[in-house]
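Structure record follows, encoded as structure tokens.
The values are calculated or read from the model by the stated rules, or taken from the named source; none is laboratory data. Computed from a predicted structure; not experimentally measured. When we count neighbours, we look across all protein chains shown, and the Cβ atoms used for this are built from the backbone with ideal geometry, even at glycine.
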Amino acid sequence: MFNIAAFLSYIFLTAYTPGPNNIMAMSNASNDGFKKSFKFCLGVLAGFFVIVLASAIFSAALYDFIPTIEPFMRFVGAAYILWLAWVILRDKPKNPDAKKVRLDPNCFFTGMVMQFINVKVILYGITTFSTLVLPYFSGVWQVSLFILILTVVGFSGTCCWAMFGSVFSKIFVEHKRGLNIVMALLLAYCAVSILL
């Protein structure tokens with residue numbers, strides 16, 4: 001029998017706990033405000049939807065295949081998250097010429113691409129569908145509803161962290177260096193936990 005309490009607990013706890021999406025959204029909003037960081041959040045939404053959709057469609061096959069590619073995915077994901085930590089730690093004043101050279105961590109593309117190497121999101125989709133959804137529901141409309149629910153809950157978690165960053169931006173400005181160190185360390189922790 002489908003356990004809605006377990007399902008809701010799992011998806012909300014996963015969506016609202018610190019992870020690369022939420023930490024980057026908070027950092028972006030604290031630096032540039034919620035409105036500008038919303039592009040990143042929309043990118044997260046787009047990439048997250050694709051990952052959740054793929055997890056639903058290919059859950060059984062991916063679940064068997066993941067052990068083969070998991071070490072590579074973990075390494076790539078951890079390396080990218082460490083790069084994001086480095087970007088936050090450096091956090092130099094914005095230079096118009098620099099935007100031509102480096103990827104803007106606050107853009108749609110960054111948010112979207114980040115999902116394809118975000119092991120937390122990939123495992124979230126696979127785990128949710130293989131253990132909590134597909135054993136009980138197999139209809140296209142039913143599975144589509146769960147895809148929508150997971151996507152909306154994930155997006156809401158990222159937006160909440162961005163709003164938190166925006167609301168407390170004055171505190172972040174006063175303590176920018178210290179908070180950047182904390183956020184970079186949290187991202188580094190995410191990367192290390194992926195590798196362990």
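Return the residue satisfying two criteria in turn: it lies in segment 123-163 and is of a type in the set (Gly, Ala, Ser) and crowded, with 21+ Cβ neighbours inside 10 Å, and of such residues it is modelled with the lowest pLDDT. Let's see the steps before the verdict.
From segment 123-163, those of a type in the set (Gly, Ala, Ser) are 125, 130, 138-139, 144, 154, 156-157, 162; that's our starting set.
Going one step further and asking which of them are crowded, with 21+ Cβ neighbours inside 10 Å, we end up with 125, 154, 157, 162.
Values: GLY125: 86, GLY154: 94, GLY157: 93, ALA162: 92.
Per the stated criteria, the residue is GLY125.
Residue check: is ASN22 closer than 21 Å to THR128 by Cβ and either more than 17 Å from the chain's Cα centre (by Cα) or crowded, with 20+ Cβ neighbours inside 10 Å (or both)?
Working: closer than 21 Å to THR128 by Cβ: yes; either more than 17 Å from the chain's Cα centre (by Cα) or crowded, with 20+ Cβ neighbours inside 10 Å (or both): yes.
Against the criterion (closer than 21 Å to THR128 by Cβ and either more than 17 Å from the chain's Cα centre (by Cα) or crowded, with 20+ Cβ neighbours inside 10 Å (or both)), ASN22 qualifies.
Is segment 35-48 home to any residue that is closer than 25 Å to LEU150 by Cβ, more than 16 Å from the chain's Cα centre (by Cα) and either modelled with pLDDT under 80 or surrounded by fewer than 21 Cβ atoms within 10 Å (Cβ to Cβ) (or both)?
At the first step, the residues of segment 35-48 found to be closer than 25 Å to LEU150 by Cβ are 37-48.
Restricting the remaining residues to those that are more than 16 Å from the chain's Cα centre (by Cα) gives none.
So far as segment 35-48 goes, no, none of its residues is closer than 25 Å to LEU150 by Cβ, more than 16 Å from the chain's Cα centre (by Cα) and either modelled with pLDDT under 80 or surrounded by fewer than 21 Cβ atoms within 10 Å (Cβ to Cβ) (or both).
Taking ILE88 as the residue in question, decide whether it is buried (at least 18 other Cβ atoms within 10 Å of the Cβ) and either within 17 Å of SER59 (Cβ to Cβ) or at pLDDT 85 or above (or both). Even if it seems obvious, please write down each step before you answer.
Numbers: buried (at least 18 other Cβ atoms within 10 Å of the Cβ): yes; either within 17 Å of SER59 (Cβ to Cβ) or at pLDDT 85 or above (or both): no.
Here the answer is no, as ILE88 does not meet what is asked.
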